[in-house]
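As structure tokens, the structure follows; a few thoughts come after it.
The values are calculated or read from the model by the stated rules, or taken from the named source; none is laboratory data. Being a predicted model, the structure only gives us computed values, none of them experimental. As a convention, Cβ positions derive from the backbone with ideal geometry for all residues, glycine included, and neighbour counts pool all protein chains shown. Surface accessibility is based on the protein's heavy atoms, side chains included, excluding ligands, DNA and RNA. Shrake-Rupley method; radii C 1.70, N 1.55, O 1.52, S 1.80 Å.
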Amino acid sequence: MKTPYGNIVGWGKYAPERIVTNDDLAQRVDTSDEWIRARSGIRERRMVGEDEHTSTMAVGAGREALERAGLTAADLDLIIVATSSPDYLTPPVSSQVQDLLGASCGAFQVVVGCTGFVYSLAIAQQFIATGACRTILVVGAELTSRWIDWEDRATCVLFGDGAGAVVLQASDEPSGVLAFVLGSDGSGAEHLIVPGGGVAHPPSHETVDARLNYVRMNGREVFKFATRKMPETLEAVLGKAGLTVDDLDLLIPHQANLRIIEYAAGQLGIPMEKVVVNVDRYGNTSAASIPLALCEALDEGRARPGDTLALVAFGAGLTWASAVVRLGLHTPAFRTPATAAEAVS
Ligand code: COA
């Protein structure tokens, strides 16, 4: 029997309505539109309202992905939610998502910082390749605005909220994740960490007073790490897939910082026309950033049937991950109105 591939048959995103510009932030912390744009490329980001949570954003993206695939929650064999900002420490947000979608399959949460979605795609592909599952929903959802330290101007200006999702389905056509590289270097843990709230420093008056329950980042160290790892892991995954950069139709990098994206693309000689960038409009949405960018590329017809994409991410851990993904040639979702013109041209 042939090993099935995990073709992307549906995609969807959820972006909270509220847009927060750099000028809005400048009224809250000592910063400026000019500084944020020059250092990160970010102009605005989305932030949730009071009644929105990671679970509701994940469900919004998941519903759209299922609809696009022409499927219902009952068709799902597994749900994987990548997030570092679940509604609760326990239960896993994946079970809330399963319940809210009305699915009756297994569900679990993957906590690997900003690389979580690429890790989750690689995991999903294994379940499909072994024949254990036929249809899997993979979501990246992140509500960063409630765990950033609004007194730390060096980090709070960089993040945003959102969610993106894809449905993978078993197919004989060579498609979906063709190769992946997953990496971790825990010696860099301190560079991107929420020190309090876990079992090392359980929540207490002291942890709250010391602001240990918020994310802390050593921006310079993370910058150095990202600019080293992004090109390295991209090269490695292309090698694994037996491809070169010329075979790539699109690069979809983690949207943390425009300077990091441009550096990584430049190192490999990938022209910026082939790089999906939306960090200017969403900021860093952590595990949601790659699926949000992927969904936009698919909706806009920039990613088309048969295209070969490279996804590359870095984040807390420190971790990194890359994947080569091929879009199916005969996926019905491409015939929906948003992409119909491109699909037939
Ligand atoms: N507005 C205005 N000034 C700010 C500021 C803000 N929001 N944040 C920091 N500054 C100031 C600093 O206080 C510092 O001032 P000083 O020189 O008087 O001490 C100055 O700007 C430079 O700070 P520095 O941290 O050296 O800036 P940088 O060029 O390294 O840029 C980052 C900072 C965070 C944008 C950059 O390091 C970065 O992008 N790192 C990677 C982060 C990342 O990708 N994280 C996601 C991981 S998934």
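Values computed for the structure shown
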item: Matching residues in the stretch 61-77 - criterion: being under 17 Å from the mean Cα position of the chain (by Cα), crowded, with 22+ Cβ neighbours inside 10 Å and not hydrophobic (A, V, I, L, M, F, W, C); result: Gly62
item: Any hit, the stretch 57-64, residues being assigned to a helix (DSSP H, G or I) and without any contact (Cβ under 8 Å) to a residue 40 or more places away in the chain; result: no
item: Count - residues of the stretch 77-107 that are closer than 23 Å to Phe314 by Cβ and more than 16 Å from the ligand (Cβ to nearest atom); result: 4
item: The stretch 187-214 residues that are at positive phi, paired with ones that are of a type in the set (Ser, Thr, Tyr) (beta carbon under 9 Å, 6 or more apart); result: Gly197/Thr207
item: Tally of residues being open to solvent by 50 Å² or more (accessible area, probe 1.4 Å) and either out of contact with any Lys or Arg (no Cβ under 8 Å at 6 or more places or on another chain) or at positive phi (or both) across the stretch 31-55; result: 6
item: Boolean, Ala236 is away from the ligand (no atom under 16 Å from the Cβ), over 18 Å from Leu168 (Cβ atoms), out of contact with any helix residue (DSSP H, G or I) (no Cβ under 7 Å at 6 or more places or on another chain) and at pLDDT below 95; result: no
